[in-house]
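Single-structure report; data block below.
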Amino acid sequence: MTNAILLIEDEPDIREMLTFSLERAGYEVWPAETAEQALTLLEGPLPSIVLIDWMLPGMSGIELARRLRRDEHTASLPLIMLTARGEESDKLQGFDIGVDDYVVKPFSPRELLARIKALARRTGQPDDGVLKHGRLVLDLTAHRLAINEHPVSIGPTEFRLLELLMLNPDRVFDRSQLLDRVWGRSVYVEERTVDVHILRLRKVLKPFNLDHLVETVRGVGYRYVRENPG
Ligand code: CA
C-alpha cells in the first residue's frame with residue numbers, strides 16, 4: 001500500500017498524459033502497457049488504486065479485473081475501468097465482477113481525479129494523502145512521519161508497515177499477510193524479518209510513548225490500535 005496508482009493503458013499518448021496529470025496531483029504512478037505487465041508489478045507492494053483500460057492487447061482489461069478480484073492478495077484493491085465504450089451492458093459486466101467505478105473516454109484528467117478521490121474516500125484512504133491519528137501524522141505523498149508536529153526519522157520499510165497498520169486500525173495481520181502487503185510476494189523474506197521491522201517501528205514511536213500502539217497479538221501477529229484521545 002502506497003500513495004501509488006497502477007495505470008494500465010496501452011496507448012502511449014493517453015498513458016503519458018495521465019501519468020503527467022496524476023503525478024502533478026501528488027500521486028506516484030506505476031505505468032503498465034499490458035495486463036501481463038500489471039500482474040508482474042502486482043507481485044510487489046500493492047498500489048492504492050488501479051486504473052485499467054478496457055481494451056488492451058493480450059489479456060483484456062475486464063479479464064484482468066476479474067483476475068484481481070479472484071486473487072485474495074488483490075481482491076480488495078480499488079479498481080476503476082477506463083473505456084471507450086459507453087454501452088450499458090459493458091458497464092453492467094464491469095460492476096458485476098466488482099469494478100468500483102467506470103470512466104468513459106474521452107474524459108478530462110480533472111474528471112478522473114475527482115473519481116479517484118471519491119473512490120479513495122469510499123475505501124477509507126486519506127483524501128489529501130495525509131493520515132492523521134491523534135499526535136501521529138503520516139504524509140503518504142512526501143513519505144514523512146511527524147509526531148507532536150515534529151518530523152521523525154523512519155526507515156522506508158517501517159514507513160510502509162505503519163501506513164498499512166494505520167489504514168487498517170484494529171485489524172490483526174499475521175506475518176505472512178504483512179510480508180505480502182509490505183514486501184510483496186516476489187521477494188523471499190523470512191517471517192522473522194517482520195518481527196525485526198516491527199521492533200524498529202516501536203523504537204521510532206517509543207520516545208513519544210506511542211510504542212504501545214503497535215500491539216502483539218499472541219500466536220497471530222500484530223495490530224495497530226488508535227491512540228486514546230486526550
Ligand atoms: Ca486501449
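Overview of results
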quantity	calculated
Which listed residue is more than 13 Å from Ile5 (Cα to Cα), of a type outside the set (D, E, K, R), in contact with a Gly (Cβ under 8 Å, 6 or more places away or on another chain) and not assigned by TED's automatic domain parsing to the domain that holds Met166, from Ile52, Ile97, Ile62	Ile62
Residue, most open to solvent (accessible area, probe 1.4 Å), within segment 10-26, restricted to residues that are part of a loop (DSSP other than H, G, I, E, B) and within 20 Å of His143 (Cα to Cα)	Ala25
Enumerated helices (runs of 4 or more DSSP H) restricted to segment 27-142, each holding at least 2 residues that are closer than 24 Å to Ser176 by Cβ and either modelled with pLDDT of 90 or more or of a type in the set (Ser, Thr, Tyr) (or both)	35-41, 61-70
Residues being within 11 Å of the ligand (Cβ to nearest atom) and within 16 Å of Glu111 (Cα to Cα) - total across segment 16-52	1
Which numbered condition Arg121 fails, given (1) open to solvent by 10 Å² or more (accessible area, probe 1.4 Å); (2) over 20 Å from Glu11 (Cβ atoms); (3) touching a strand residue (DSSP E or B) at 6+ places or on another chain (Cβ under 7 Å)	(3)
Test result for Leu6, within 16 Å of the ligand (Cβ to nearest atom), open to solvent by less than 10 Å² (accessible area, probe 1.4 Å) and under 20 Å from the mean Cα position of the chain (by Cα)	yes
Residues that are within 16 Å of the ligand (Cβ to nearest atom) and open to solvent by less than 20 Å² (accessible area, probe 1.4 Å), drawn from segment 57-78	Gly61, Ile62, Leu64, Ala65
Number of the condition not met by Leu145 [criteria: (1) hydrophobic (A, V, I, L, M, F, W, C); (2) touching a residue at least 24 places away in the same chain (Cβ under 8 Å); (3) in contact with an Asp or Glu (Cβ under 7 Å, 6 or more places away or on another chain)]	(3)
For Thr34: the one exception among (1) open to solvent by less than 50 Å² (accessible area, probe 1.4 Å); (2) closer than 20 Å to Glu16 by Cβ; (3) out of contact with any Pro (no Cβ under 7 Å at 6 or more places or on another chain); (4) free of Cβ contacts under 8 Å to residues at least 60 places away in the same chain	(3)
Qualifying positions in segment 178-208 - modelled with pLDDT under 95 and either open to solvent by 60 Å² or more (accessible area, probe 1.4 Å) or under 21 Å from Pro126 (Cα atoms) (or both)	Leu178, Arg181, Val182, Arg185, Ser186, Val187, Tyr188, Glu190, Glu191, Arg192
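The values are calculated or read from the model by the stated rules, or taken from the named source; none is laboratory data. This structure is a prediction, so every number in the text was calculated from the model and none was measured. Cβ sites come from the backbone with ideal geometry, for glycine too, and all protein chains shown count toward neighbours. Surface accessibility is based on the protein's heavy atoms, side chains included, excluding ligands, DNA and RNA. Shrake-Rupley method; radii C 1.70, N 1.55, O 1.52, S 1.80 Å.
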